[in-house]
Amino acid sequence: MTFDIRQLDGLDYDGAEPLLDDYINGVIREFIESEVGKAHTQAYPTGGFWIGTFIEMAFTYGEFTLAKMSKGDAQLVMANILPRKLTLLDPSEAEDAIPELVAFWTFLKQEYKFRSAGAIAKYLTSIQDKFQDWMFDSTRGGIAKNFMMQGMEAGFDMSSQSDVEAFQAEYNQRIKADPQNNPLIPAEPTVPMTAPPPDVKQFLDLMGVELPEEGEQVNPAELLGKIMDAADQMADLLDANAPTAKQGPGDFLRSLRTDLMGSPLDEDFSLSEQDITLLEALTISETQPGPLLKDFQTLLAFIGPEGRTVSGKRQQISMKDLAELNQQLSTPIDIDLKRPAQKSYPPIHGLYLLLRATGIVKIVAKGKKQFLVLNPPVYDLWQQFNPTERYCTLLEAWLIRGHGEMLGEDRMGYLTEGNRCIQSWHKIVEKKKHTYNQKRTAQDSFSFYPGIHNLALMEMFGLVNITTGKPDVGKGWRIKSIEALSLGTPVLNLVKNAFLENNMTWPSGVDPSVPYGELQDALQPYFPKWQKTLVLPSSDFRPDRHIFKVSLGKIWRRIAISGDATLEDLSAYILSSVEFDSDHLDSFTYANEMGRKVEVLHPFAKGGFFSDEEPLHTDAVKIGSLPLSEGSIMEYLFDFGDCWTFQVQLEMIEPNPDQIQSTRTKKKKKKAPVGEILEVHGEPPKQYPGSDEDW
């Protein structure tokens with residue numbers, strides 16, 4: 001074929017516009033001369049309009065080209081762009097759209113082997129009965145299209161200039177009579193919120209987009225606008241802080257944190273005499289300066305010696321326990337949600353963050369269930385603390401060690417909860433009191449900076465006062481007003497000063513096992529009763545045999561490997577079990593005892609872009625040193641291009657067989673094999689699928 005079907009790839013609209021007409025005509029000509037095209041034209045002798053319109057609209061409004069178009073791009077064109085930008089005068093004009101486009105994409109699959117062509121053809125077939133309705137759905141159109149449709153519905157011939165002018169005069173009279181009832185601006189539809197795919201959720205979390213609860217009614221246009229605004233802000237931020245050739249990742253990270261926090265390094269956060277007097281006169285108890293210590297002890301008692309079941313992936317407090325725990329707190333909150341999650345109760349969500357950050361609890365597996373249980377060494381030490389030591393320890397846990405990952409979030413991994421609180425404090429104190437109603441909510445203003453759970457913690461720590469109201473139907477916690485208290489600014493200024501003196505990093509950010517007390521030098525002059533600090537226990541090395549279940553979709557393998565082996569050894573067994581060549585980079589990701597994610601990279605891979613520390617490599621991390629309990633799950637990612645993602649679950653830790661034999665016979669112990677593949681279920685996938693397969 002002499003026609004270049006890829007000639008628009010890589011061009012912007014200005015570069016493609018002079019070529020577009022000839023390109024569309026050329027594509028249609030290629031289609032008509034093909035076997036698929038000839039068969040289609042026998043049933044539909046006149047055509048080509050929908051192919052040309054599809055290509056033009058897809059490129060003009062989405063810069064989608066045929067060669068690179070995905071099924072999702074095609075969905076956007078059919079369900080959004082065409083209904084919004086194209087006006088039809090009669091429903092019959094849309095009757096041949098789907099047959100023509102299905103035949104066209106079938107042609108592209110057969111003749112050009114485009115990877116998504118088959119999937120797009122199937123999608124187009126599936127909307128045969130929907131597309132006509134979409135094209136005449138006023139909620140999908142813009143003002144110009146709504147004007148035309150309103151005129152047609154009123155009986156005017158909108159192809160006639162005189163009728164258009166007559167309808168315009170009638171329309172103007174309607175607006176004068178009732179300005180609030182504009183028929184050209186229909187009420188924006190709402191739909192129930194559904195869970196996005198994990199990769200989309202991770203991307204939105206990274207940008208700081210707080211999604212509504214599942215089942216909550218949302219306006220898609222408003223949500224899309226919110227996402228686009230966040231993307232623009234993130235792009236501007238990254239452009240402004242792009243590292244120079246002389247900067248390393250750590251320099252970039254500090255620059256980015258500074259910009260996000262809105263705090264120049266030379267800004268003065270010194271305390272006033274009034275602030276100093278306030279701090280020195282403060283008496284800390286279970287209920288002063290807020291109910292933090294009382295509520296935290298309530299949560300510890302609620303967990304109790306037996307522990308509490310937690311949800312699977314996020315490892316959070318079970319839905320069945322949330323309402324009961326909420327009623328036991330100092331100030332229970334009201335919500336009206338049918339299936340509340342832990343984050344639906346922001347005070348509980350905040351307290352859970354402190355639990356994980358302190359290491360007072362840990363997650364253990366009992367059979368197929370996971371439990372949140374007390375961690376005896378840390379809990380016993382906690383019981384010895386006085387109220388001041390507890391308050392200051394929890395303040396450090398919150399503002400230094402607390403991270404969204406402990407709450408099951410992936411958002412903005414380079415920011416701690418303290419970064420978010422410090423960045424937002426100036427917004428909280430800029431007004432004496434923030435008041436809200438049903439249309440303007442606290443969630444609109446503070447959903448990410450600092451986050452609603454952090455607002456709840458601010459109240460428990462005695463930094464703000466929150467007035468609440470009865471929730472709206474089907475909605476969560478309703479905040480009527482937020483007022484900063486006098487303690488907030490001096491406490492956060494002390495943390496800011498300590499943060500800046502540490503060059504915008506904390507030792508515990510690099511090594512989570514660093515003992516507590518990073519705020520002690522800054523706070524102890526005002527809180528002299530803070531003497532004892534929390535020490536996190538280190539996990540023991542386990543040389544025993546580890547049994548992993550490794551899953552890739554519906555297929556799975558069971559692999560046994562010694563605790564003395566490395567993650568590099570484990571990756572070799574995983575790849576061998578699915579007959580993959582080991583010719584790409586890989587990584588393992590797991591959660592440490594506090595719920596923070598740890599990534600271990602292939603020896604040839606460099607560190608993460610937002611990381612202060614030297615990366616961990618798979619050839620240096622032994623299986624027996626991993627902080628995993630039976631039931632814990634790691635993620636194994638192979639090939640950073642094709643992204644084969646395996647779930648690696650630790651099923652059992654057992655003594656090595658040769659060690660048992662050596663004990664029984666008293667003979668010299670033989671060196672145990674590194675590992676073995678115990679079970680194989682399901683055929684391995686093709687590592688490099690053919691290019692003609694559907695995506």
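The values are calculated or read from the model by the stated rules, or taken from the named source; none is laboratory data. Values in this document were obtained by computation on a predicted structure and should not be read as measured data. Neighbour counts run over all protein chains shown; Cβ positions are idealised from the backbone, glycine included. Just so you know, the surface numbers come from the protein's heavy atoms only, side chains and all, with ligands and any DNA or RNA stripped out. Shrake-Rupley method; radii C 1.70, N 1.55, O 1.52, S 1.80 Å.
Some notes on this structure:
- Cβ-based net charge around TYR516, under 11 Å, with every Lys or Arg adding one and every Asp or Glu removing one: -1
- Gyration tensor verdict on the stretch 272-377 (Cα atoms; rounded if a/c is under 1.5, prolate if a/b is larger than b/c, oblate otherwise): prolate
- Long-range amide H partners of LYS366 with built H, under 5 Å: PHE371
- The protection proxy used here, the mean number of other Cβ atoms lying within 10 Å of each residue, ranks peptides 573-585, 478-490 as follows, highest first: 478-490, 573-585.
- Against the criterion of solvent-accessible heavy-atom surface with a 1.4 angstrom probe, TYR61, TYR449 sort, most first, into TYR61, TYR449.
- In order through the stretch 83-99: 3J(HN,Hα) via Karplus (6.51 cos²θ - 1.76 cosθ + 1.60), integer Hz, x for Gly, Pro: x, 7, 9, 10, 10, 9, 9, 8, x, 5, 5, 9, 5, 9, 5, 5, x
- Too-long pairs where the Cα-Cα distance tops 19 Å, listed order kept, from LYS294/LYS431; LYS427/LYS470; LYS427/LYS480: LYS294/LYS431; LYS427/LYS470
- Three-way shape call for the stretch 350-409 based on the alpha-carbon gyration tensor, with the a/c threshold at 1.5: oblate
- Percent of beta bridges antiparallel (DSSP, the stretch 415-526, rounded to nearest 5): 100
- If you sort the three axes of the alpha carbon gyration tensor as a ≥ b ≥ c, you get a/c under 1.5 for the stretch 1-129, which makes it rounded.
- Normalised by the number of residues in the stretch 352-412, the average gap of Cα pairs under 8 Å and 6 or more apart makes the relative contact order 40 percent.
- With K and R counted +1 and D and E -1, the other residues having a Cβ less than 10 Å from that of ASP544 yield a net charge of 0.
- A cut-off of 5 Å between modelled amide H atoms, ignoring neighbours fewer than 5 places along the same chain, links VAL218 with VAL191, MET193.
- Solvent exposure of PHE54, expressed as accessible area, is near 0 Å², computed with a probe of 1.4 Å over the protein chains only.
- Shown in residue order for the stretch 38-48 are the 3J(HN,Hα) couplings computed by the Karplus curve 6.51 cos²θ - 1.76 cosθ + 1.60 at θ = phi - 60°: 5, 5, 5, 5, 5, 7, 10, x, 9, x, x Hz (x for Gly and Pro).
- The string of couplings for the stretch 556-562 from the Karplus curve (6.51, -1.76, 1.60, θ = phi - 60°) is 8, 10, 10, 10, 9, 8, 6 Hz, one whole number per residue in order, with x for Gly and Pro.
- Pairs from the list LYS366/LYS554; LYS71/LYS475; LYS439/LYS496 with a Cα-Cα gap above 26 Å: LYS71/LYS475; LYS439/LYS496.
- Placed amide H near LEU678: partners under 5 Å, 5+ positions off or other chain: ARG558, ILE559, ALA560
- Peptides 287-296, 355-364, 423-432 ordered by average Cβ neighbours within 10 Å, highest first: 355-364, 287-296, 423-432
- Environment charge at THR41 (Cβ cut-off 14 Å; Lys +1, Arg +1, Asp -1, Glu -1): -3
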